[in-house]
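The numbers here are math on the coordinates, done by the rules we state, and not lab data. In this text, all values refer to a predicted model and were calculated from it rather than measured experimentally. So basically every Cβ, Gly included, is an ideal-geometry build from the backbone, and we count neighbours across all protein chains shown.
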Amino acid sequence: RVAGSKADISREKSAILFEKAKKYFPGGVNSPVRAFKSVYGTPLFIEKGDGCFLWDADGNQFIDFCCSWGPLILGHNHPKIREAVISTLQHGLSFGAPTALENELAELILKNNKYIQKLRFVSSGTEAVMSAIRLARGYTKRDKIIKFEGCYHGHSDSLLVKAGSGLVTFGETSSLGVPKAFADETVVIGLNDKEALERAFAEFKEEIAAVIIEGIPANNGLLMQNKEYIEFLRKITSDHGSLLIFDEVITGFRLGFEGAAAYYDVHPDIITYGKIIGGGMPVGAYGSSEEIMGYISPDGGVYQAGTLSGNPVAMAAGIAQLSELNKPGFYKELNKKAAEFSASIQRYASAKNYKVRVFNVGSIFWIAFTDKDNIQAASDIEAESMDKYKVMHRELLNRGVYLGPSGYEVGFVSAAHSKIELEKAKRAIFESLDVVFK
Ligand code: PLP
């Protein structure tokens with residue numbers, strides 16, 4: 001079955017692999033959302049990817065808008081990245097000692113990013129954020145952090161915390177195994193709510209080490225924030241001697257080379273990166289000013305380390321990918337393509353009076369089953385709208401289009417999505433919406 005054509009897909013081989021996987025892994029997967037719990041059917045086991053396409057174990061072809069959850073901004077199996085990885089691994093996979101490749105990737109980033117002066121490479125977004133929080137606490141000598149309901153920052157203990165009841169509350173853990181004492185240090189408030197933040201600062205005053213926000217929250221729908229609100233975050237943190245952390249694991253190198261910081265033109269104190277930075281290999285990073293990064297070990301007293309940090313093969317993949325992104329016009333072209341794609345889905349849905357809004361920024365898009373023109377906080381999303389997403393997801397798989405297996409997940413357009421494939425994908429989306437609303 002080729003992408004873009006309509007036929008109920010066979011999942012026979014994927015289903016057999018999933019049965020086997022369930023014997024080995026909790027829920028049959030190594031990361032929960034992959035288990036397809038929020039959509040119909042069992043997970044597709046992927047055999048290969050090339051350009052904007054994915055093929056599953058049953059030989060079905062899909063136009064992929066998940067793109068490994070964001071890293072693959074150049075699409076799958078990009079020749080430059082593949083060649084860089086192959087030529088680097090000929091010399092060995094890991095040394096646990098510095099290599100010139102780390103310098104090269106750092107230079108490429110720092111020379112083209114006015115918001116950070118030094119960085120540290122780690123191996124995932126979770127690690128980047130966890131380390132950034134420790135750095136903020138070490139620098140300010142304070143313990144509390146403020147995070148927002150609807151932002152995901154990886155699975156470290158301090159951040160697996162959701163809002164409790166009451167106006168300004170200590171968070172409640174959102175996972176078993178997170179000590180209550182950790183949750184007590186995390187204050188969780190709603191996005192786009194100035195008063196809640198003012199109340200939190202009034203209550204905890206000099207205890208707040210940092211406020212952390214996703215560059216543009218994109219893990220719970222796409223929750224566009226007003227520039228003015230982000231400027232307010234900058235001001236209130238500075239006024240209280242707290243740090244502002246942008247978690248740019250999704251938005252970094254996605255909205256533009258300098259990510260959300262440049263998008264808003266707001267200078268946060270610490271920025272975290274992941275996903276795109278490693279070209280599909282496990283890389284994360286956090287960066288800040290020389291002064292703040294001076295607190296990181298071995299220069300300073302904030303300990304952070306990693307056996308595979310700065311891994312040469314991963315660095316080579318990152319260099320190859322970011323070099324492409326740094327070419328003139330790259331983002332302009334990609335973002336235009338994504339904007340046109342999103343707008344035409346919106347036009348179709350509006351013409352048919354479907355309760356659908358397509359939100360788009362850069363090459364990120366989110367198809368929401370709502371008639372609200374603004375969705376800026378997690379509480380603006382209606383849980384029932386996810387039933388419609390489930391139907392659309394099933395219909396799209398049967399038409400050869402792969403979106404993330406949850407209605408809260410955004411989609412990504414990559415440079416590898418050609419006009420022809422985007423046209424095919426649009427047609428599949430139109431037909432699927434017709435089924436959803438029939
Ligand atoms: N921060 C944000 C904004 C993310 O979207 C994610 C992952 O989706 C993370 C942190 C965690 O990154 P990782 O899954 O690489 O640990």
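Numbers below:
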{"quantity": "Cα→Cβ-extended label distance, 7 Å offset, between ARG347 and LYS114, nm", "calculated": "3.6 nm"}
{"quantity": "√(5λ) per eigenvalue of the Cα gyration tensor, the chain, largest first, Å", "calculated": "34, 27, 21"}
{"quantity": "Net charge contributed by nearby residues that have their C-beta within less than 14 Å of TYR348 (K/R +1, D/E -1)", "calculated": "+2"}
{"quantity": "The stretch 79-325 - charge dipole about Cα centre, Lys and Arg +1 at Cβ, Asp and Glu -1, debye rounded to 20", "calculated": "280 debye"}
{"quantity": "Charge context of SER379, other residues only, Cβ under 11 angstrom, K/R +1, D/E -1", "calculated": "-4"}
{"quantity": "Whole-number D in µm²/s for the stretch 307-356 (Stokes-Einstein; Kirkwood sum over Cα pairs; 4 °C, 1.567 mPa s)", "calculated": "93 µm²/s"}
{"quantity": "Extension reserve of the ASP387-ASP373 stretch, reckoned as 0.36 nm per residue once the Cα distance is removed", "calculated": "3.1 nm"}
{"quantity": "Proximal charge balance of LYS162 [Cβ under 9 Å; K/R count +1, D/E count -1]", "calculated": "-2"}
{"quantity": "Modelled FRET efficiency - R0 25 Å, ASP143 with TYR303, Cβ distances, 0.05 increments", "calculated": "0.90"}
{"quantity": "Extended-chain gain in nm, criterion 0.36 nm per residue less alpha-carbon gap, LYS355 and ASN77", "calculated": "96.4 nm"}
{"quantity": "Calculated [θ] (222 nm, deg cm²/dmol) that DSSP helices of n ≥ 4 give over the chain, each run adding -39,500 (n - 2.57)", "calculated": "-11000 deg cm²/dmol"}
{"quantity": "Total lysine pairs under 14 Å (Cα atoms) in the stretch 79-325, excluding pairs fewer than 8 apart on one chain", "calculated": "9"}
{"quantity": "The stretch 79-325 - share of DSSP beta bridges that are antiparallel (%, nearest 5)", "calculated": "40 percent"}
{"quantity": "Prolate/oblate/rounded label for the stretch 79-325 (Cα gyration tensor, a/c 1.5)", "calculated": "prolate"}
{"quantity": "Stretchable slack from GLU12 to GLU290, in nm (0.36 nm times residue separation minus alpha-carbon distance)", "calculated": "94.6 nm"}
{"quantity": "Using a Förster distance of 56 Å, the FRET efficiency for GLU19-LYS205 (Cβ separation, nearest 0.05)", "calculated": "0.55"}
{"quantity": "Beta bridge orientation in the chain: antiparallel %, DSSP, nearest 5", "calculated": "55 percent"}
{"quantity": "Label point 7 Å beyond Cα of LYS180 along Cβ direction - residues of the stretch 132-164 with amide nitrogen under 15 Å", "calculated": "164"}
{"quantity": "Amide H within-cut-off set for SER289, under 5 Å, with H built and near neighbours excluded", "calculated": "GLN117"}
